[in-house]
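The block underneath contains the structure these notes are about, expressed in structure tokens.
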Amino acid sequence: MDNKLFLPCAAIVSLLLLLRWSEPVAGAASSLRVRRPYDSIFSFGDSLADTGNNPVVFDWYSMFDPVLRPPYGSTFFGRPTGRNCDGRLIIDFLAQSLDLPFVPPFLAHNGSFRHGANFAVGGATALDVGFFHDDESPGANQMPFNTSLSVQLQWFETLKPSLCNTTQKCRELFSRSLFFVGPFAYNDYSILLWGGRRSIPQVTSLVPDVIATISMATERLIQHGATSLVVPGVLPIGCAPPNLVMFEGVAEPAVYDSRTGCLIELNDLSTYHNSLLRQALHDLQAKHPDVEIIYIDFFGPVMEMVESPAKFGFEGDVLTICCGGPGNKYHFDVEAWCGDPAATMCKDPSARLFWDGVHMTEAANRYVAGKWLRSIDTTASVSSR
């Protein structure tokens, strides 16, 4: 395959700085209650699940984090909370629907973790960070940070002794807990594609490694006593505005889906990832028949909103973000990040799918959470019979 979906290498530095990313009707997700009660949630993932860890990590690396300023958090919290969103994330809606408090960020929370902890960090990858920096020269971009899935597991293992001090107590605690292993992989693939570091076939060849990493992490949590684990697939990365902007002007018309405007080959990459993930989780379930391992579809709900925006109350230019620079039709501009003086914000975030890039608005998160809750509820109901 040729390299027609590549960016000039000079673009990678700016782009890597931006890795920190039923209808959307009020109450759609919160009205659903899962039949099985859970006492706590433990969450791992990237910016799509990060409830406030990323400002701490950015500070470690002496980098500015724009999510600490308005208009982030304006829709629900009324202030920035460290979330890459105008309001609540999917994990927030899930917690509320389970009658649990918002899952506190492990790195930024000074209180109790009795009801769980969130280890997700904006820009996190499934693969270890060394993989992405092996071929870089000294002084290269610091992202992705050292916050990969294996690092997040280490944080969990550091916290564990304060939660339970015997094997039996840990099993009792974690048997009443819901574990989210993801979302992961958007960053793994996009970082490698940005700037032409890898071709699409080369990135595709790495999918089994990403899947193996997620599968091994899931099994590691099972060994710690987890009995209910939710593992989301990857969203359609070919519809993500940052990727659409990166390939704008260098991709031929034939690489776009004429119905949606999304990049076909990148969505095929997502589909391939999700297919392998489902198989890996099926194999893991067979190995651990007494554990609930729930694959959650992320691709489908997002595509529903992309394909039928009016059904969800979204504007027709559904791939245009709410908050960003006006320099292109997607309003994603590396020179005018959301909150910058040159950035603009849409009048109504609830009429938009994407907030500031790949990160979705609260309205979109609400819909996805509702779909996920139904999957969790269905699996829990079947397993309890």
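The values are calculated or read from the model by the stated rules, or taken from the named source; none is laboratory data. Everything numeric here is computed off the predicted structure, so don't read it as measured data. Neighbour counts are summed over all protein chains in view; Cβ atoms, including those assigned to glycine, are modelled from backbone coordinates with ideal geometry. Remember, those area values only see protein heavy atoms, side chains included, never the ligands or the DNA or RNA. Shrake-Rupley method; radii C 1.70, N 1.55, O 1.52, S 1.80 Å.
Does V121 meet the test of being in contact with a strand residue (DSSP E or B) (Cβ under 9 Å, 6 or more places away or on another chain), open to solvent by less than 30 Å² (accessible area, probe 1.4 Å), at negative phi and hydrophobic (A, V, I, L, M, F, W, C)? Taking the combined requirement at face value, the residue satisfies it. Just one residue in the set G195, G233, G182 is modelled with pLDDT of 95 or more and on the phi > 0 side of the Ramachandran plot; that residue is G182. Of all residues in the stretch 83-103, those satisfying the criterion of being surrounded by fewer than 24 Cβ atoms within 10 Å (Cβ to Cβ) and more than 17 Å from S375 (Cα to Cα) are G87, D99, L100, P101, F102. Contact map, the stretch 328-356: residues that are assigned to a loop (DSSP other than H, G, I, E, B) paired with residues that are of a type in the set (K, R), Cβ distance under 6 Å, separation 6+ or inter-chain. Pairs shown: G339/R69; C346/R352. Of the set (1) more than 23 Å from T271 (Cα to Cα); (2) surrounded by fewer than 19 Cβ atoms within 10 Å (Cβ to Cβ), all apply to F179 but (2). Does A254 satisfy being outside any loop (DSSP other than H, G, I, E, B) and at pLDDT below 95? So A254 passes the test. Every test in (1) open to solvent by less than 50 Å² (accessible area, probe 1.4 Å); (2) outside any helix (DSSP H, G or I) is passed by S270 save one, and that test is (2). Scanning the stretch 225-254 for residues that are farther than 19 Å from D188 by Cβ and in contact with a strand residue (DSSP E or B) (Cβ under 9 Å, 6 or more places away or on another chain) turns up G225, A226, T227, S228, L229, V230, A251. Restricting I296, I321 to residues that are closer than 14 Å to I214 by Cβ and of a type in the set (A, V, I, L, M, F, W, C) narrows the list to I296. The set of residues from the stretch 203-241 being touching a helix residue (DSSP H, G or I) at 6+ places or on another chain (Cβ under 9 Å), more than 30 Å from D377 (Cβ to Cβ) and either open to solvent by 10 Å² or more (accessible area, probe 1.4 Å) or of a type in the set (K, R) (or both) comprises T204, L206, P208, D209.
So, E265, is that one part of a helix (DSSP H, G or I) and open to solvent by 20 Å² or more (accessible area, probe 1.4 Å) or not? Answer is yes for this residue. Taken as a whole, the stretch 133-151 holds no residue that is open to solvent by less than 50 Å² (accessible area, probe 1.4 Å), at pLDDT below 95, in a helix (DSSP H, G or I) and touching a helix residue (DSSP H, G or I) at 6+ places or on another chain (Cβ under 7 Å). Residues in the stretch 39-75 that are assigned to a loop (DSSP other than H, G, I, E, B) and at pLDDT below 95: Y61, S62, M63, F64, D65. Would you confirm, using the coordinates I've provided, whether D348 is open to solvent by 20 Å² or more (accessible area, probe 1.4 Å), closer than 18 Å to A185 by Cβ and acidic (D, E)? Answer is no for this residue.
Residues of the stretch 194-202 include none that is within 16 Å of A280 (Cα to Cα), open to solvent by 10 Å² or more (accessible area, probe 1.4 Å) and either aromatic (F, W, Y) or in a helix (DSSP H, G or I) (or both). Restricting attention to the stretch 293-345, the residues that are farther than 20 Å from E248 by Cβ, open to solvent by 50 Å² or more (accessible area, probe 1.4 Å) and touching a Cys at 6+ places or on another chain (Cβ under 8 Å) total 1.
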